[in-house]
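Notes follow once the structure below has been shown.
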Amino acid sequence: MKTDAMPLRHRVANWLALLALLLVGVVWPPVFGATAESNEPGDARAGSLFLCAMPCDGRPLQALRQSTHIRAQVTGNVARVHVTQKFENPGDQWVEGLYVFPLSTTAAVDELQMLVGERRIRGEIKRKEEARETFERAKSEGRRASLVDQERPDMFTTSVANIAPHSSITVEIAYLDTIPFRDGRYALSLPLSITPRYTPGVSLDPADLNVFHSAREGRVIAVASPNATPERVTSEVQHAEIEVDLMPGFPLQTVQSLNHAVTTETVGAGNRIRLRSPTVPADRDFELVWTPVVAPDTHAAAFAERFGDETYVLVMLMPPQMTAERVYRREVLFIIDTSGSMSGPSIRQAREALRLGLQRLQPTDTFNIIRFSNDASSLFPISQPAVGVNRQTAAEFIDSLEAQGGTEMRAALNLAFDIPRTPDALRQIVFVTDGSVGNEAELVALIHRRLAGARLFTVGIGSAPNAYFMREAAAAGRGSFTFIPQIEHVSERMADLFRKLENPALVDLQLHWPDGATATLAASPPSDVYAGDPLTVAAKLSTVPRGVLTLTGRSGGGAWTRQLPLQVVADSSGIAKLWARERIGELSRQKKLGGDAAESESQIVSLALKHHLVSEYTSLVAVDETPVRPVGADLQAQQVPTSAPRGSAWAQTTGFAPTATNAPLLLLIGLMCLGFALALRVNYSRLCVNAERHVA
Amino acid sequence: MTSKKIAASALLALAGIACVAGACWIHIKAMAAQVLINSAWDRARSDGQPAKPWPWADTTPVARITFHDRRTLVVLEGSSGRNLAFAPSHDPASVLPGESGNSVISAHRDTHFRELEHARVGDRIRVERADGSTLLFKVSSVTIVDSRKTRVALESDTPRLTLVTCYPFDAIQPGGPLRFVVTADLEAGAGYTPPRRVARAAALPRPVPVMGF
């Protein structure tokens with residue numbers, strides 16, 4: 001034993017210290033220590049005797065409050081969602097509010113209404129800078145105004161100016177979204193919480209803190225830290241109210257809310273269901289899943305809508321239930337994110353997903369595992385056959401994975417692409433992550449550039465994964481994606497993924513429009529369509545089509561054809577908007593992959609303005625006519641934090657640990673007590689002396 | 001009347017002693033734990049195995065920091081309140097010192113980080129890592145932030161060390177919102193050994209069920 005080498009003096013010191021710890025630990029009731037060591041500063045402040053409920057300067061915090069109400073109306077494959085945000089100002093000052101919130105990555109945000117008393121003020125779509133100017137002007141003139149910006153594809157901000165003291169402003173945002181039929185189920189996802197991509201670390205003088213708050217207008221936040229994004233998360237759980245009116249158009253077998261409790265009410269013959277969830281914790285995404293009684297095995301439809309003198313078509317198709325061609329040998333590379341953001345339940349889910357993935361491998365397949373946090377390393381230098389001893393090594397490796405450190409995804413991807421390929425095998429990369437990165441575009445471009453015939457599949461883990469990254473990475477990797485919201489869903493979702501991994505169902509897909517009509521597709525269809533993945537194609541047609549749309553491809557080792565009649569639906573059903581939203585997404589994607597930025601921008605702007613959509617270059621702004629804030633009254637800017645995902649590092653810790661003990665306070669109280677005791681004692685002695693004199 | 005006064009004074013004296021002892025206990029715990037953790041660190045360094053500071057500990061020392069050339073403190077993994085009572089604690093969401101990124105270490109202002117008050121820009125902080133390498137960080141900023149409005153950035157292009165404690169140092173009440181933040185950057189070439197490319201997660205033991213005080 002090396003400990004024998006330790007000098008005697010050290011050993012004695014050790015024993016003494018241990019004894020001191022034990023002795024005092026035993027005789028001292030732990031109650032006193034507990035307040036200083038409480039894990040949750042919030043709890044300590046609220047419940048403890050010694051700590052106050054106010055900040056140091058003694059003024060109670062009169063923070064701006066925000067409450068969210070979401071109303072979703074689902075008709076068939078399309079959802080119309082209204083998000084109502086109420087900003088309440090309980091303080092005595094005029095307030096400008098900022099709130100960062102997540103939305104579905106495919107949401108087409110097209111409506112903003114500001115509710116002032118009984119009046120509704122409609123928002124207008126403008127170029128981002130113009131909208132900002134309009135907002136700022138209204139703000140300085142004392143008029144109520146609200147602005148909705150897109151910060152990231154799935155992250156939006158609402159700014160509200162001139163909220164009067166002790167009053168509120170309500171903002172209603174509406175968007176259109178498609179409901180895909182994936183893996184035998186429909187899913188409506190309403191994101192409620194944000195996984196911070198980068199935590200803004202800014203060093204600020206306390207005197208400047210208000211400046212930091214009002215930083216919005218000039219983006220001082222970004223100046224203070226180049227890594228900062230506007231989200232500010234809180235470990236306190238906020239709540240949202242959710243209402244869903246579900247009209248799927250067919251009898252339902254099951255309806256399930258995966259993360260929150262809901263009450264359901266069936267209207268009519270089971271074709272319409274209302275769900276209510278009075279207040280749900282907003283620390284995880286709301287996921288509603290429903291399945292039809294009869295699985296639509298020939299699920300394919302094409303809808304057309306007239307918009308002005310143009311025709312927009314939306315094609316939805318389920319790929320055939322067979323594989324395109326048999327792949328005999330696969331090389332599966334698992335990449336697992338072990339960064340700090342994966343700590344808690346996420347890493348357990350990821351480990352479980354990996355174990356199941358390993359089980360599904362055939363002995364002829366080869367595999368490897370890459371873990372990464374701030375560095376990346378692989379289990380084997382070269383992929384190994386999925387046989388006994390290798391599986392055993394892998395299982396032990398998986399058990400040892402812990403979440404800690406940064407998110408160096410680039411290193412992990414480069415390592416995966418650098419590993420020599422198994423000859424005569426199709427390489428498939430399974431990427432297990434929560435995607436909490438800010439450099440999505442760079443990573444997607446990297447996948448696109450280095451894929452070289454491999455396929456990349458993403459597995460989104462946790463209560464609020466970065467859905468945008470999962471989709472984009474899978475699209476660039478010619479693969480598919482799946483989400484595992486909770487540990488119970490691991491086996492089901494991994495089974496779905498492995499069905500896809502086994503083979504694409506449809507390849508070489510082509511669309512043939514009737515009458516020689518030419519179409520502008522929002523995005524080119526994927527080259528591989530996987531079992532269970534819906535294919536959605538949005539197109540703008542030059543002429544009003546007559547006849548049928550023919551789809552051709554290869555499936556089950558032979559040619560595959562399907563003909564679809566075009567059903568013309570009512571105007572303003574939203575197909576044009578959905579096309580525009582997808583087209584904007586595609587233009588933005590091309591730009592990030594190295595396309596002409598100026599050209600993409602001008603196209604996105606004109607599309608967004610034409611279809612009234614919020615985009616990276618356009619925002620919605622609503623301004624009230626009459627000034628309300630008296631001239632000279634101050635306007636204080638406040639940001640309402642968004643809930644951090646449950647179980648994430650942000651939810652478990654505050655940015656700063658409570659780093660003060662109550663030793664000084666205890667000492668002060670103790671000394672005061674002793675002082676009083678002494679005073680009483682002295683008093684008593686004097687009393688005795690006086691009494692003796694009296695007797696004498 | 002007088003017997004009541006005697007009782008009151010005795011009670012007050014008892015409460016006073018209890019409180020003072022409570023305050024002392026916090027300091028004794030902080031100091032005694034450092035002795036044990038320090039020797040656990042030496043043991044770990046000599047035989048290369050992560051060592052537990054006391055038999056029932058559920059955490060291991062991850063680094064040893066020295067500032068002002070005299071105050072040497074061993075850092076524990078995980079900034080829970082319990083760990084903070086024993087030692088400066090490393091935030092598990094952040095990287096370990098010397099790795100690319102920001103390593104965040106917090107400690108109590110009354111005990112371990114009392115001397116951080118004297119930190120100035122340009123001061124050197126020596127960090128010994130569990131893998132045996134020693135790094136030198138140079139203080140690049142000393143700031144006071146409001147913890148309600150600020151978070152520490154975990155990302156950094158170069159290895160960075162952030163030491164955090166409560167502010168003001170002589171405040172009586174705990175739980176205030178202000179934090180004293182010392183940021184230090186790795187001095188290029190000063191004994192920098194890059195992190196080993198190993199599966200660090202695999203090298204660390206799994207935590208055992210929580211036990212302690």
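The values are calculated or read from the model by the stated rules, or taken from the named source; none is laboratory data. Computed from a predicted structure; not experimentally measured. Neighbour counts run over all protein chains shown; Cβ positions are idealised from the backbone, glycine included.
So A:Lys577 clears everything in (1) surrounded by fewer than 14 Cβ atoms within 10 Å (Cβ to Cβ); (2) not in a strand (DSSP E or B) except one condition, right? Which one?
Every condition holds for A:Lys577 apart from (1).
Give A:Arg80, A:Arg120, A:Arg137 a once-over and let me know the one that is part of a strand (DSSP E or B) and surrounded by fewer than 16 Cβ atoms within 10 Å (Cβ to Cβ).
A:Arg120
Can you name every residue in region A:471-480 that is buried (at least 24 other Cβ atoms within 10 Å of the Cβ) and not in a loop (DSSP other than H, G, I, E, B)?
A:Glu472, A:Ala473, A:Ala474
Can you pull out every residue in region A:123-134 that is buried (at least 21 other Cβ atoms within 10 Å of the Cβ) and in a strand (DSSP E or B)?
If the condition is that a residue be buried (at least 21 other Cβ atoms within 10 Å of the Cβ) and in a strand (DSSP E or B), then A:Ile125 is the only one that fits.
Give me a count of the residues in region A:604-645 that are of a type in the set (Val, Ile, Thr), within 30 Å of A:Thr105 (Cβ to Cβ) and in a strand (DSSP E or B).
5
Can you find, within region A:650-667, the residue that is surrounded by the fewest Cβ atoms within 10 Å (Cβ to Cβ) among those that are modelled with pLDDT under 80 and out of contact with any Pro (no Cβ under 7 Å at 6 or more places or on another chain)?
The qualifying residue surrounded by the fewest Cβ atoms within 10 Å (Cβ to Cβ) is A:Gln652.
In region A:398-410, which residue that is outside any loop (DSSP other than H, G, I, E, B) and surrounded by 19 or more Cβ atoms within 10 Å (Cβ to Cβ) is farthest from the other protein chains (Cβ to nearest Cβ)?
A:Met409
Out of everything in region A:332-351 that is more than 14 Å from chain B (Cβ to nearest Cβ) and modelled with pLDDT of 90 or more, what residue ends up being nearest to A:Met409 (Cα to Cα)?
Restricting to residues being more than 14 Å from chain B (Cβ to nearest Cβ) and modelled with pLDDT of 90 or more, the top hit is A:Leu333.
For A:Ala394, state whether it is surrounded by 20 or more Cβ atoms within 10 Å (Cβ to Cβ), more than 14 Å from chain B (Cβ to nearest Cβ) and within 22 Å of A:Leu497 (Cβ to Cβ).
When the stated conditions are applied, A:Ala394 does not pass them.
Checking A:Asp496 against (1) touching an Asp or Glu at 6+ places or on another chain (Cβ under 6 Å); (2) more than 20 Å from A:Leu456 (Cβ to Cβ), which test does it fail?
Just one mismatch for A:Asp496, condition (2).
Here's the yes/no breakdown for (1) modelled with pLDDT under 85; (2) within 24 Å of A:Asn503 (Cβ to Cβ); (3) not in a strand (DSSP E or B):
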| position | (1), (2), (3) |
| --- | --- |
| A:Asn414 | no, no, yes |
| A:Pro423 | no, yes, yes |
| A:Val432 | no, yes, no |
| A:Ser436 | yes, no, yes |
| A:Leu446 | no, no, yes |
| A:Ala452 | no, yes, yes |
| A:Ala464 | yes, no, yes |
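Yes/no per residue for (1) out of contact with any strand residue (DSSP E or B) (no Cβ under 8 Å at 6 or more places or on another chain); (2) modelled with pLDDT under 85:
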position: A:Trp579; (1), (2): no, no
position: A:Leu587; (1), (2): yes, no
position: A:Ser619; (1), (2): no, no
position: A:Asp624; (1), (2): no, no
position: A:Val640; (1), (2): no, yes
position: A:Ser648; (1), (2): yes, yes
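Of the conditions (1) of a type in the set (Val, Ile, Thr); (2) at pLDDT below 90; (3) surrounded by 19 or more Cβ atoms within 10 Å (Cβ to Cβ), A:Thr364 fails just one. Which one is it?
Condition (3) is where A:Thr364 drops out.
For region B:90-119, name all the residues that are away from every other protein chain (no Cβ under 11 Å) and farther than 15 Å from B:Thr165 by Cα.
Of everything in region B:90-119, just one residue is away from every other protein chain (no Cβ under 11 Å) and farther than 15 Å from B:Thr165 by Cα, namely B:Pro97.
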